[in-house]
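The values are calculated or read from the model by the stated rules, or taken from the named source; none is laboratory data. This one's a predicted model, so the numbers in the text were calculated from it and none came from an experiment. No Cβ is skipped: glycine too gets one built from the backbone with ideal geometry, and neighbour counts run over all protein chains shown.
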Amino acid sequence: MSGYIIPVIIGGVVIYGAVKKVNVFSVFIEGASEGMGVAVRMLPPLIILMTAIGMFRASGGLEFFTKLLAPVMEAVGLPKEVAPLVLLRPVSGSGATAILQDIVSNYGADSFAGRVASVMTGSTETTFYTLALYFGATSAENTRYALGASLFADAVSFAVSALAVRLFLGA
């Protein structure tokens, strides 16, 4: 039954357009061309972001900041093994997924680090990617407090992930 949902929705849109006497094809073409414009505006920020991530990892910056951040993380109750995830998750979803896979492979899915990393991955966002995508698509120039608030939310999510694992799954 679920295989029919998309065709039914498309058919419903076409029928609704016909009833309202709208040229559905021309409206579709107009929307598609507008979507292409949005894609073109979004491309430069995404290329810059992906290049910066590659440079950060290749230069050894991720390892340097992981070692620097590890003692602070242990002081607030986060396992040091998730430090690379804390650094990369706000920047890259695919990079964070690779790090999550490494943590689970090395320490186990039922380890404290594996559980915390899993909860972190599910409860945080790729902040820089999302902001680059949304602000690039809308050509917003005044982002005001979006980055600071988003990073603060990520930091809270990281800390609460460890607390939630301790409370609900045991350490």
Answer residue from the stretch 119-137, given it is surrounded by fewer than 17 Cβ atoms within 10 Å (Cβ to Cβ) and part of a helix (DSSP H, G or I) and is farthest from the chain's Cα centre (by Cα) among those: ALA137
Set LEU87, LEU68: member being modelled with pLDDT of 85 or more and either on the phi > 0 side of the Ramachandran plot or in contact with a helix residue (DSSP H, G or I) (Cβ under 6 Å, 6 or more places away or on another chain) (or both): LEU87
Residues of the stretch 138-157 that turn out to be among the β-branched types (Val, Ile, Thr) and assigned to a loop (DSSP other than H, G, I, E, B), as a count: 1
Qualifying residue in the stretch 40-63 (condition: without any contact (Cβ under 8 Å) to a residue 24 or more places away in the chain, of a type in the set (A, V, I, L, M, F, W, C) and more than 27 Å from GLY136 (Cα to Cα)): no
